Amino acid sequence: MIGKETFHKISVVFLYLFFVLSPFSISLCQILAGASLFFLFLDCIQKREFPKFESLVLFLILLYISFLFTPVFDWDQTNWKQTIFRSEFGDVWMAFLLLHHTRLSYREKTRLKQAVRLGAFFLLLSGILSLVSPYRLAPFVMDGFQYTEGRRLPHLLVVLWEKLSLYLPIGFQSTHLTYGGLLAIYLPSIWERTFRSFQIARKKTNSFFYRFGFLTLSLVGFFLLFLNQSRSIWFGLLFGILLLSLQKKLQIKKYLPVLSLGILGIAGILFLLYQNNWLFQRAIDDLFAKRSLENQRVWIHKMNFAILKENYLFGIGSGNYPKEFITQATPLVKELPELYYDLSITPKSHAHFDFLHFWILGGITSVVAYLSFLYWITKRILQVGKSNLFYLGFFSVIFAGSFQCFLLDDEVLLPFLGLLILLPSTSIRKKERKKNFIQKGQIKVYGILFFWILISSLGALYLTKTPAKDLSFHRTRTEHNFPSPFAQSSMNSMAPIALPTGTKEFYFKLAGCLDHNTNFNQRALVRENPVGFLIHWEDLPDDGKLPESLELEIRKRESFDQDKEYKVQAERIVKKEIFFNSKQIQKIQVHPKEYLGKEIEFIDFGFRYVWKGKKPFLPRIEISGNCD
């Protein structure tokens, strides 16, 4: 016969497994979370009681329901099967996971916190394995512990002692951002226990191994977090620490020397990594580059605010973001054809900003629901007291959500919600706390959190002010496809560019334009106008010389999305020509019909300049956005 608490205990067991095994598989994570909810409802039926829907549950459900307003208004045109099950609304079931919050006892939550720490251990272990593995762990395991041709390989970080290769740590996740999000959720449980272990050590003399173990895990966590290079998570954790510290009366002068040394040490490490690691260098350079993966956000936010302008009240509805993105991008490409490729490879699945994405889908209702949900959780975390470091991941993910849609990633969202069910059901030790101080702290912390969302939204809006034509530029690369700064400076410059003294030969590739004209709403047609540019041989530098000759390569390059296809675009040389310095403007033109491939391709160019003088200068090249 089934006991009164049997279903409840089974539900807790599935929750325990959920926290432990989430770092390994999103499918397993969803199954375990769903099973825990199934037995929660069975427990409610057996006890003939209705689950308690707290404010946090209602606000989160309201957030998802708001995604259906526009589909309801357009009832006849809505594909309800896709809207309910294959769009953002399909995640609504995860909100019910928060029903566990009031049904778990203090003792059960304590044990589940141990499960979080065990899950953190497995997350770190998988991170270490992925750090040294030449294959991505998830597909490698799924394919029977063997590499399948065509599978994407991990990013190489560095080769130590010419033998040991280290790769970007991503655990069993598909991207470094997802792994970074999980680190933000799980690592604070280790940090909190490490901090408390040193406090306990003052009272116990036999806790050396206990302290050493957690300290080691904490350091490994910091190491993997740093190598993971999820910058939004880095700053999110710092932001969360700042918010939690506002509750405490810290003596800044006491910690100033340590903070100063720490900042200097971190700055030194960052400098060394920037000088010696190409992947880290790219991560920093992308923040300032005119055209990079980071600057795809300019396009995304241009589309975001164009959509919001027309749908700010009720939103566009669940599952409609990609379609609306293309609707806004189409006239832009019609006006500036050279933008098609950049916009075609820009991610269109979400707004890359949690708050904006919710607003775009659900309108003002989703804004109110989301901000109310944040307030409720912030209030509860600040009531926890000394152990609130355990919930640091909440603030980190919310902050980082201004750069990526972490709350749309099931692998992050489920553990994120799971973390919240471990919050105490009622305030802890009310008599020991000063109520007025706590309330003031709540208002201050939530005010800063709201201010950050406001400022980051305005920052995204500011990005949209960048003229579209300024975001199109022709990239230059070395023979081995690294950026070529000197060559880049010569593109549409005002004067010749000086090269290092003694340079006799200089080679670079120039990204040209597509050999077809196309748009999101039309079939690709072979381009009629030639692809070309001007070389300004007539500019005579005062203290140097332009090249004596130029060997020009006409190149063709594939145009698929490399990130989507998980492979590099192939390129080939179709023709070579020799030009001599004519001391006048020289026009180069290539007719697209001459070298057509099977698919749409880029017409690129290779330049090999040769000098005889001692002070070489690169001639300036004049090229328009569409190579007209």
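The numbers here are math on the coordinates, done by the rules we state, and not lab data. Being a predicted model, the structure only gives us computed values, none of them experimental. Every residue, glycine among them, receives a Cβ derived from its backbone with ideal geometry; neighbour counts consider all protein chains shown.
For this structure, a couple of remarks:
- Computed from Cα atoms, the angle from the helix 410-420 axis to the main principal axis of the chain rounds to 30 degrees.
- For segment 292-343, applying the loop criterion from DSSP together with a ceiling of 10 other beta carbons within 10 Å to the trypsin sites (Lys or Arg not before Pro) yields no site.
- Charge tally around LEU63: other residues with Cβ under 15 Å, Lys/Arg +1 each, Asp/Glu -1 each, net -4.
- Cβ-to-Cβ counts within 10 Å put SER207, SER11, SER396 in ascending order as SER207, SER11, SER396, the fewest first.
- Cα centroid separation, segment 516-532 to segment 336-409 (Å): 38
- Taking the longest Cα principal axis of the chain as reference, the axis of helix 354-384 is set at about 50 degrees.
- Over the residues of the chain, the helix contribution to mean residue ellipticity at 222 nm works out to -16500 deg cm²/dmol, using -39500 (n - 2.57) for each DSSP H run of at least 4.
- In segment 20-158, one over the average inverse separation of all distinct C-alpha pairs is 18.8 Å, which is the Kirkwood hydrodynamic radius.
- With neighbour counts taken as other beta-carbon atoms within 10 Å, the residues CYS44, CYS513, CYS405 rank, fewest first, as CYS44, CYS405, CYS513.
- Helix 55-65 and the long axis of the chain differ in direction by around 40°, with both axes built from C-alpha atoms.
- With eigenvalues of the C-alpha gyration tensor scaled by 5 and rooted, segment 505-628, Å: 31, 16, 12
- Share of Cα-Cα pairs in the chain lying beyond 30 Å, as whole percent: 63
- The residues TYR179, TYR462, TYR167, when put in order of fewest to most other Cβ atoms within 10 Å, stand as TYR462, TYR167, TYR179.
- For PHE358, net neighbour charge (Lys/Arg +1, Asp/Glu -1) across residues whose Cβ lies under 13 Å away: -3
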